[in-house]
Amino acid sequence: MTEIFEAIKRSAIRIKEAIEYDDTGYSDHHNATGDTQLKLDIKSDLIIEEEFQSVLSVKEIVSEEKEEATPLHVNGKYLVGYDPLDGSSLIDVNLSVGSIFGIYEGDYAGSSLKASVYVVYGPRVELVIATDKVYMYRLNKQNEFIFQKEIHLGEKGKLNAPGATQKGWSKEHKALVDAIFQDGYRLRYSGGMVPDLHQILLKGGGLFSYPSTSDVPKGKLRMIFEVFPFAFVFEKAGGMAIDGKNRLLDLAPMHPHDTTPCFFGSNEEIKRVLSIHG
Ligand code: AHM
Ligand code: MG
C-alpha cells in the first residue's frame, strides 16, 4: 500500500503545480457524467495515471474523468478509484479544490475499500490518509509531506454544509436543515466537497449533506470516487456516513459512475439525519 501512497504524493505535487500555473479554461471534451472537462481535469487525470503505471500493486484504475476502468498490472492486488480534481469549477474563482482516492481490493463495493486518501489544494497542500486511523500531512517547501496529526471527530460539531439545489429538497430535508441552523450551527459550504469535508473533520465535527432532490433523485456524488473514500475517512475518524437510511460503506455500485445521496458527520448529527430520513 505504501507505494500507492507515494504515487499519490508525487501526483499531488504535480497537480498543485498545474493548478497554480496552467490555463484554467475548458477543453472540448465531456466526461462520463456529461460535464465539460477543464484542461486541468484532463491533465490531473493523466498525471495520476502516469504515476500509477509504475506501481505494480495496482491492478486497475477507474477515474471520474473516464468512462471505463483502465487495466494496469495483471498481478496487482488493488483497484484504485479516483476523482483527479474534485470541485474543479472553483479554480477560476481561486477557491480550494481536491483529489480523492479509494483503494479497493476485489471490487468497487464500499465494503472492499481498504484505505482512502484525499488531497486539499488550498492556501497550503494537505494530504489525509485513512487506514486504521486518519493521518494528516502537509507539504513543505522541499516538497515533502510532513506528518501533522491524527484526525478525530467529536461526538457533535458546530458546522452545517447542506449541498444540492434547495428548491429540489424534500420537505423533511428542509425541516432538518432549518432545525440544525436553529440549534446554532453555522453555514460552511464552498461547493468543493474536499475542503468542505476537511473543514468539518478538522473543526471537530458537524454535518455535510448531499441529499436526494427532485432534479437528482440519486444525489450527485459518485460512490467509487467521492462517497466511499470519504465515508471511510469519517468512520475511521470516529464519525458516521449514511445515505439517509443505510451505512454508505454497505452499498455497491452497478456502474462506475453511480451516485448516491450522502450524509457525512459526527455521530450526533448523523443520528439526527437517521431520525428524519431513516
Ligand atoms: P465535480 O466532481 O464535478 O467537481 O462535482 C462534485 C462537487 C463536490 O465537490 C461538491 O460537494 C458538489 O459538487 C457541489 O454540488 P452543488 O453545487 O450541487 O451543491
Ligand atoms: Mg468530483
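Read-outs throughout are calculated quantities, based only on the coordinates presented, and are distinct from any laboratory measurement. In this text, all values refer to a predicted model and were calculated from it rather than measured experimentally. Neighbour counts are summed over all protein chains in view; Cβ atoms, including those assigned to glycine, are modelled from backbone coordinates with ideal geometry.
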| Taking a ≥ b ≥ c as the square roots of the eigenvalues of the Cα gyration tensor of region 11-80, is the shape rounded (a/c under 1.5), prolate (a/b larger than b/c) or oblate? | oblate
| note | Non-local residues with an amide H under 5 Å from the amide H of Ser27, with H modelled 1.01 Å from N and Pro and chain starts lacking one, are Gln37, Leu38, Lys39
| remark: With x for Gly and Pro, the residue-by-residue ³J(HN,Hα) of region 8-21, computed from phi through the Karplus equation 6.51 cos²θ - 1.76 cosθ + 1.60 at θ = phi - 60° and given in whole Hz, is 5, 5, 5, 4, 4, 5, 6, 5, 4, 5, 5, 4, 5, 10
| query | Top mean-square fluctuation among Met193, Met223, Met136, Gaussian network model of the chain, C-alpha springs under 10 Å? | reply | Met136
| task | Mind jotting down the distance between the C-alpha centroids of region 149-195 and region 49-90, whole Å? | result | 31 Å
| field | Least to most buried among Glu226, Glu64, Glu105 (fewest other Cβ within 10 Å first) | value | Glu105, Glu64, Glu226
| Prolate/oblate/rounded label for the chain (Cα gyration tensor, a/c 1.5) | rounded
| Among Ser89, Gly25, Pro229 the positive-end extreme of the charge dipole of the chain (Cβ point charges) | Pro229
| note | With a ≥ b ≥ c from the Cα gyration tensor eigenvalues, square-rooted, and the rule rounded for a/c under 1.5, otherwise prolate when a/b > b/c and oblate otherwise, region 163-236 is oblate
| Gaussian network model of the chain, springs between alpha carbon atoms under 10 Å - residue of His30, His173, His257 with greatest fluctuation | His30
| field | Spin-label pair Lys149/Asp28, simplified geometry with 7 Å Cα→Cβ offset, distance in nm | value | 5.0 nm
| Each residue of region 151-166 in turn: what ³J(HN,Hα) in whole Hz from Karplus with 6.51, -1.76, 1.60 and θ = phi - 60°, glycine and Pro shown as x? | 9, 10, 8, x, 5, 8, x, 10, 10, 10, 10, x, x, 6, 6, 4
